[in-house]
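Engineer: Structure incoming, see below.
The values are calculated or read from the model by the stated rules, or taken from the named source; none is laboratory data. From a predicted model like this one, the values you see are computed outputs, not experimental measurements. In this analysis, Cβ positions are derived from the backbone assuming ideal geometry, glycine residues included, and neighbour counts consider all displayed protein chains.
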Amino acid sequence: MACIQKLREDLNLLDRLFPKEHERVRIMTSSLDEVCLRFVKPDGKYFDMSASIQENYPRVSPIWFSESEDPLVTSCLEELTGNDSNPSILYQINHLVSRLCEFNQLTVPAELLQIVPNQEADEGNGSDEEIESENEDAEMSEYEDMMDDTSAFEDGGSGDNEKKHDESTPAATAVLNRVAQVQRQMHLRGAATGSISANDRLMKEIREIYRSDSHKNGVYSIHLVKDNLYEWDVHLMKVDEDSPLYSDMKQLEREKKQNYLHFRFHFKDTFPFEPPFVHLISPTVQNGFVLSGGALCMELLTKQGWSSAYNIESLILQISATLVKGKARISFDGKGNSYSLSRAQQSFKSLVHIHNKSGWYTPPKQDG
């Protein structure tokens, strides 16, 4: 496959130009799936950034992540997620390094000139109609590629990659195929929502979840609401067995025939750079950092506390731990068995407003 060979050549070029001993830019690891780059400042401090290369590359841009909370790094990575961004890994790294050098008032490395993006596509050749037609074809290809999103690159890549993709379960494949069909139909009707980068990240999250031990062992399950990639029902079925919440869930199963806590996750097209909105639907819970409307009092779920490096399984498990730490108890008094989205949004908005003024409380280490 030509695009795979071109990607290999680009990765080899990056490895050669920016070895781990380079003064400013270092390619720490590179593969057909991911490129990890380190930007080193003169004082020795550095930023690590990773580009996750999608299966329909180069039709879509890599998805960038960084654990750094530096606003300059976040700003640079967000620039690369725009719909107008050139998806080429060479262009992306050229742009990223150039911007970081500019922000830090540093000279751009001479090697960067060897990966200057090709400007032939911007020379004005072709009519507006031709360009528009090409864009439409490209968009359709992106949605059609989603149908094959669980398969590996055609040449298989490395042995590790083959094993990773082979572990995708039939259930995950079925979910992603249904999502792709819904997305394609919406696109044909002109009602497409979301963004390509969010689509790719969310589908990657689904694949990882179906491969995870926690999901296989019944700790939690996920269900897409009407095959909507941006709206998930999450059922938390197992919590710490030594907690009162565990006993309450056993009682809930006996009395209400419900053996899980039902959460709903709402994602925006800005994901993963913004967290999902998460709220509890049922049952009603007291304490455990659950607000009266069903929203969760967690800094992790705010823009300030979220990081694009977080994955959804980690978030689900963190929610479980937070409920236990906050001594959550299920309410069996019959005053209401569920929460509404509007109540949850209102209570969460008020919570964020309060904490933006007063800050977030960090419990002592002995409290977990």
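Engineer: In the list A328, A295, which residue meets the criterion of being touching a Gly at 6+ places or on another chain (Cβ under 6 Å), touching a residue at least 12 places away in the same chain (Cβ under 8 Å), of a type in the set (A, V, I, L, M) and surrounded by 15 or more Cβ atoms within 10 Å (Cβ to Cβ)?
Structural biologist: Going through A328, A295 in turn, just one is touching a Gly at 6+ places or on another chain (Cβ under 6 Å), touching a residue at least 12 places away in the same chain (Cβ under 8 Å), of a type in the set (A, V, I, L, M) and surrounded by 15 or more Cβ atoms within 10 Å (Cβ to Cβ): A328.
Engineer: When both residues are 6+ apart or on different chains and their Cβ atoms are under 7 Å apart, which pairs have a first residue that lies in the range 207-221 and is closer than 14 Å to N311 by Cβ, and a second that is assigned to a helix (DSSP H, G or I) and among the polar types (S, T, N, Q)?
Structural biologist: Y220/S214
Engineer: Which one of T322, T362 is among the hydroxyl-bearing types (S, T, Y), in a loop (DSSP other than H, G, I, E, B) and either modelled with pLDDT under 90 or within 22 Å of P244 (Cα to Cα) (or both)? Please lay out each step first, then the result.
Structural biologist: On the way: T322 fails: in a loop (DSSP other than H, G, I, E, B).
On inspection, the qualifying residue turns out to be T362.
Residue-wise test of (1) β-branched (V, I, T); (2) out of contact with any strand residue (DSSP E or B) (no Cβ under 9 Å at 6 or more places or on another chain); (3) closer than 23 Å to E111 by Cα.
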position: E21; (1), (2), (3): no, yes, yes
position: E34; (1), (2), (3): no, no, yes
position: M49; (1), (2), (3): no, no, yes
position: V60; (1), (2), (3): yes, yes, no
position: S68; (1), (2), (3): no, no, no
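Quick grid of which residues meet (1) modelled with pLDDT under 90; (2) hydroxyl-bearing (S, T, Y); (3) within 16 Å of F18 (Cα to Cα); (4) assigned by TED's automatic domain parsing to the domain that holds A110:
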| site | (1), (2), (3), (4) |
| --- | --- |
| F39 | no, no, yes, yes |
| A51 | yes, no, yes, yes |
| E55 | yes, no, no, yes |
| R59 | yes, no, no, yes |
| S68 | yes, yes, no, yes |
| E79 | yes, no, no, yes |
| G82 | yes, no, no, yes |
| N86 | yes, no, no, yes |
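Engineer: Which residue is surrounded by the most Cβ atoms within 10 Å (Cβ to Cβ), if the candidates are limited to the range 231-274 and must be over 30 Å from A198 (Cβ atoms) and in contact with a Lys or Arg (Cβ under 7 Å, 6 or more places away or on another chain)?
Structural biologist: Ranking the qualifying residues of the range 231-274, first place goes to L245.
Engineer: What residue, of L236, L252, is within 24 Å of the chain's Cα centre (by Cα) and not hydroxyl-bearing (S, T, Y)?
Structural biologist: L236
Engineer: Scan (1) surrounded by fewer than 16 Cβ atoms within 10 Å (Cβ to Cβ); (2) modelled with pLDDT of 95 or more for the single condition I27 breaks and write down its number.
Structural biologist: Of (1) surrounded by fewer than 16 Cβ atoms within 10 Å (Cβ to Cβ); (2) modelled with pLDDT of 95 or more, only one is false for I27: (1).
Engineer: Related question: Specify which of the listed residues (L72, L80) is in contact with a helix residue (DSSP H, G or I) (Cβ under 6 Å, 6 or more places away or on another chain) and over 24 Å from E205 (Cβ atoms).
Structural biologist: Details: L80 fails: over 24 Å from E205 (Cβ atoms).
Going through L72, L80 in turn, the sole match is L72.
Engineer: Among the residues that make up the range 242-264, is at least one of them touching a Ser or Thr at 6+ places or on another chain (Cβ under 8 Å), in contact (Cβ under 8 Å) with a residue 24 or more places away in the chain and closer than 28 Å to C76 by Cα?
Structural biologist: So far as the range 242-264 goes, no, none of its residues is touching a Ser or Thr at 6+ places or on another chain (Cβ under 8 Å), in contact (Cβ under 8 Å) with a residue 24 or more places away in the chain and closer than 28 Å to C76 by Cα.
Engineer: Restrict the check to the range 12-20 and report whether at least one residue is basic (K, R), outside the structural domain of I196 (by TED's automatic domain parsing) and not in a loop (DSSP other than H, G, I, E, B).
Structural biologist: yes
Engineer: Among the residues of the range 54-69, is any assigned to a strand (DSSP E or B), in contact with an Asp or Glu (Cβ under 9 Å, 6 or more places away or on another chain) and closer than 16 Å to A198 by Cβ?
Structural biologist: yes
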